[in-house]
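The values are calculated or read from the model by the stated rules, or taken from the named source; none is laboratory data. Everything quoted here is computed from the prediction, not taken from an experiment. Ideal geometry is used to build each Cβ from the backbone, glycine not excepted, and the neighbour counts take in all protein chains shown. The accessibility values were calculated without ligands, DNA or RNA, using every heavy atom of the protein model including side chains. Shrake-Rupley method; radii C 1.70, N 1.55, O 1.52, S 1.80 Å.
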Amino acid sequence: MEPIIVSKVQESIDDFANKEVYIHLETTNGAYASHFNEKFFSAGAYIRNAKLAYEHGKIVGEGPYRVGLKLEIGWVYAEGLTHFGYDEQGRMLLAGHDFDGKLAVALQIGETPFK
């Protein structure tokens with residue numbers, strides 16, 4: 001993965017619009033390592049292979065970035081994104097890493113399910 005290039009990410013967001021796609025969205029603030037500090041409140045969210053179609057989407061911010069995908073009746077939204085890439089199936093992989101380089105948020109979009 002490489003640091004986000006807004007124009008490339010926006011182009012991919014536009015390419016996936018109005019198609020049935022699979023979404024992976026994950027957030028964590030340390031749930032994988034909460035045992036190191038029992039007073040630390042960890043929270044996260046995880047959804048994998050949600051099948052949807054979005055009307056349009058946008059990447060905004062100065063970095064870390066936000067991506068919003070407008071659905072017919074709502075939104076999918078991820079904030080704190082820092083890096084992007086593509087897998088061998090052409091799915092877009094967006095990630096946000098904290099100051100220690102640990103994953104804080106992931107948003108992935110593709111026309112085939114994630115395994």
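When chymotrypsin sites (Phe, Trp or Tyr not before Pro) are flagged only if DSSP places them in a loop and at most 15 other Cβ atoms lie within 10 Å, the longest unflagged stretch of the chain comes out as 42-98. Checking [x] 112; [y] 104; [z] 139 against the coordinates, the calculated volume of the Cα convex hull per residue in Å³ falls under label [x].
In this structure, Ala53 and Lys102 have a Cβ-Cβ separation that, at R0 = 35 Å, corresponds to a calculated FRET efficiency of about 0.65. First measure r as the distance between the Cβ atoms of Lys70 and Ser42, then evaluate 1/(1 + (r/R0)^6) with R0 = 22 Å and state the FRET efficiency to the nearest 0.05. Efficiency, from the Cβ-Cβ distance: 0.15. Among the protein heavy atoms of the chain, carbon and sulfur supply 54% of the accessible surface, probe 1.4 Å, non-protein parts ignored.
Mind giving me the FRET efficiency for Glu20 and Val60? R0 is 22 Å, r the Cβ-Cβ distance, nearest 0.05 is fine.
It comes to 0.35.
Let me know the longest stretch in the chain that avoids all GluC sites (Glu not before Pro) found in a DSSP loop with at most 16 other C-beta atoms within 10 Å. Counting only loop sites that pass the neighbour cut-off, the longest clear stretch is 89-110.
At a probe radius of 1.4 angstrom, the accessible area of the chain per residue rounds to 62 square angstrom.
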